[in-house]
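Single-structure report; data block below.
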Amino acid sequence: MLNATHNPALRSWVASANVAGCDFPIQNLPFGVFSHGGSAPHGGIAIGDQVLCLQDALAAGVFTGLAAAAAEAACEPTLNKLMAMGNLPASALRAQVSALLAEGATPRPDLLVPMSEATMHAPSAPGAFTDFLTSIHHMWRGIKSRDPNGQLPPAFKHLPIAYNSRASSLVASPQPFVRPNGIRQNADGSVVFGPTVSQDFELELGFFVGAGNRLGQPINVDAAEDHIFGLCLLNDWSTRDVQRFESAPLGPFLGKSAMTSVSPWVITLEALAPFRIPGPVRPEGDPAALPHFVGAKDQAAGGLDLGMEVLYQTPAMRAGGQAPAQVVNTNFRHMYWTLAQMLTHHASNGCNLRPGDVMASGTCSGPTDDSRACMSEITRGKDAITLPNGEQRLWLEDGDEVIFRARAEKAGAVGIGFGECRGVVLPAVAWPAA
C-alpha cells in the first residue's frame, strides 16, 4: 500500500539522496548490516551515500513505540531478529526514519556514517537457501542448446521448480569468488578433476523470509508476502562443466555451492509498492495455475517492474581505464511465477520457513537476446562475446568482474535502486598436500 513514505515530492536533508538517479533516495530506505571504525556488525539504513546507524539513533532516543523495538532488533550482527518480527515493525521504523531524514526535520549528521567508510556484511544468517527456476526463456534456451526438439519438463507450467542449495557459502558483495575445483567430463569422454573451465554467473532476484511458519502449516498465496521481508540481487555463481556432469540423476550440487553472492541492502516490499504490476498472464494454451496458486491480491499486484543489468569488466579493461560494459539488460516482469507463488509452493507441503532464510528466483532472462542473463545463454559455450576493447569471452576468466544492478522506475514516482552485487573471479587454490 502506498503511504507518506512514497511521496514523490519528499526530499531529504541528506543532499546526496536528492541527486537524480540515486539508488537510495528517501523513498527507498533499505536495511543492511555494516561495521565501521572497528565496531561489531550492526543494522543500518541507506540514505544517499550515507548509512543511518540504527545503534546511534536508538541511543539518541529518536524512535518510539514499535519503531524503537524494531530498531533494537536491528542492532544485532544480523537482521534475523528484525525479520522474525514480521513486516509491521519494519514499516513503523521505516516511517519514523523517513520523518527523521526528511527535509525540514532537524539534521542529525552525527547519526550518519559515509558508505565509503562502512564495511557491509550479509544481511542475515540463513538457515537455508532455495533456488527456483522461474524464467521460461532461460528454461527454453537451455533445453534447445542441448536438443533442438527438446520439450519443457512437464512440471514447469504447473509449479515453480526449485532445488535446495547451500546456505553456508552465501556471502555479501563484493567478496571475491575463488574459481572452484571440480570433476568434469571432457569431449573425449575422459573424466578429470581440476579448476573449472566453464565458470558462469546467473543474474537473479533474491528474497529474505521474514516471519516464518510452523512445521506442517502451509501459507496462502495472498498472505505469502507477509512472510517476505525484502529483496536483494543475487549471483548464483554456476560451475557449468561440473554441473553438467553431476546433474544426472539428482541435480545440482557442487556446480552451485561454491559461493552465492547477495547485494548487501535489503529493499523492502513496501518501498517497491509504486512499481508493482499484475502477476504474469499465461500465454494462450498454457494450463491454468492450480487453485492454491491463485489469489486476488497476487493476481492484481504480484508482479514487479524491475529493470536489471549485468556489467562486465576484464583486467585489461580495468588497467586501461575502460568502464565495465553492459552484457545483460532484462526485467523481472518476464518471470513465469510470482514471489508469492514461489514461497507458497515452498511451504505447501508443510515445510517450515525460518526468518533470514534466502530464496531466489532463478536466472532472470527475458525474451530478447540482450536479456539472456547468464553466459551459458549468451555464448552457449561456443559463440564468444566481444567486449568493447576487442577481448572475447566464452566463460568467466580469472580477474574478470561481474556487476549486477537493478532499478525500479515509473512515471510519477521516485525511482529506487538496489545498489550493486559484484564479484571478481580469483584463480583456483592449489590442491592441499596430505
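Note on the chain: GNM, Cα springs under 10 Å; of ALA406, ALA74, ALA288, the largest mean-square fluctuation is that of ALA288. When VAL33, VAL191 are sorted by how many other C-beta atoms sit within 10 angstrom of their C-beta, beginning with the fewest, the order is VAL191, VAL33.
Across the stretch 295-434, the mean sequence separation of Cα contacts (distance under 8 Å, 6 or more residues apart), normalised by length, yields a relative contact order of 25 percent.
Sequence-distant contacts, meaning Cα pairs under 8 Å at least 6 residues apart, place the relative contact order of the stretch 4-121 at 31 percent. For the stretch 207-220, backbone phi angles converted through the Karplus equation (6.51, -1.76, 1.60; θ = phi - 60°) give residue-by-residue couplings of 9, 9, 6, x, 5, x, 9, 6, 4, x, 10, x, 10, 5 Hz, Gly and Pro being listed as x. Answer rounded, prolate or oblate for the stretch 4-121, using the Cα gyration tensor with square roots of eigenvalues a ≥ b ≥ c: rounded when a/c is under 1.5, else prolate when a/b is larger than b/c, else oblate. Oblate, because a/c is 1.5 or more while a/b does not exceed b/c.
Taking label points 7 Å from Cα along the Cα-to-Cβ direction, ALA20 and THR106 give a separation of 3.5 nm.
Note the listed values [x] 19.9; [y] 54.0; [z] 23.1, then indicate which one is mean projected area of the Cα convex hull in nm² calculated from this particular structure. Looking at mean projected area of the Cα convex hull in nm² for this model, the match is [z].
Fully extending the segment from GLU409 to ASN220, taken as 0.36 nm per residue of separation minus the present Cα-Cα distance, adds 65.1 nm. Cα centroid separation, the stretch 166-233 to the stretch 247-318: 13 Å. Amide H to amide H distances under 5 Å link GLN50 with MET115, where only residues 5 or more positions off or on other chains count and H is placed in the peptide plane. Overall, the chain carries a charge dipole of about 500 debye about its Cα centre when +1 sits on the Cβ of Lys and Arg and -1 on the Cβ of Asp and Glu, all other atoms neutral. Positive end of the dipole of the stretch 129-426 (Cβ unit charges, origin at the Cα centre): among HIS138, ASN235, GLN151, the Cα lying farthest that way belongs to GLN151.
Under a 5 Å amide H to amide H cut-off, with H placed in plane at 1.01 Å, what residues pair with ALA122 once short-range neighbours are removed? HN-HN under 5 Å from ALA122: ALA172. Dividing the summed helix terms, -39500 (n - 2.57) for each DSSP H run of n ≥ 4, by the number of residues in the chain produces a 222 nm estimate of -4500 deg cm²/dmol to the nearest 500.
Dividing the mean sequence gap of close Cα pairs (under 8 Å, 6+ apart) by how many residues the stretch 129-426 holds gives a relative contact order of 28 percent. Using a Gaussian network model of the chain with C-alpha springs under 10 Å, which one of ASP188, ASP49, ASP357 is most mobile by mean-square fluctuation? Of ASP188, ASP49, ASP357, the most mobile in the Gaussian network model is ASP188.
Inter-label distance, ALA273 to ASN186: 6.0 nm, where each label sits 7 Å from its Cα along the C-beta direction.
Inter-label distance, ASP286 to LEU159: 1.8 nm, where each label sits 7 Å from its Cα along the C-beta direction. Computed from backbone phi with θ = phi - 60° and the Karplus coefficients 6.51, -1.76 and 1.60, the 3J(HN,Hα) list for the stretch 12-23 is 10, 6, 7, 4, 5, 6, 9, 6, 4, x, 4, 5 Hz; x is used for glycine and proline. Each of ARG380, ARG146 was scored by other Cβ atoms within 10 Å of its Cβ. Listed from fewest to most, they are ARG146, ARG380.
Here ASP305 and ASN349 are evaluated by their C-beta separation; at R0 = 25 Å the FRET efficiency comes out at 0.20.
Read-outs: derived from the displayed coordinates by stated rules, not from any lab. Not measured: the values here are computed from a predicted model. Here the Cβ is made from the backbone with ideal geometry for all residues, glycine too, and neighbour counts use every protein chain on show.
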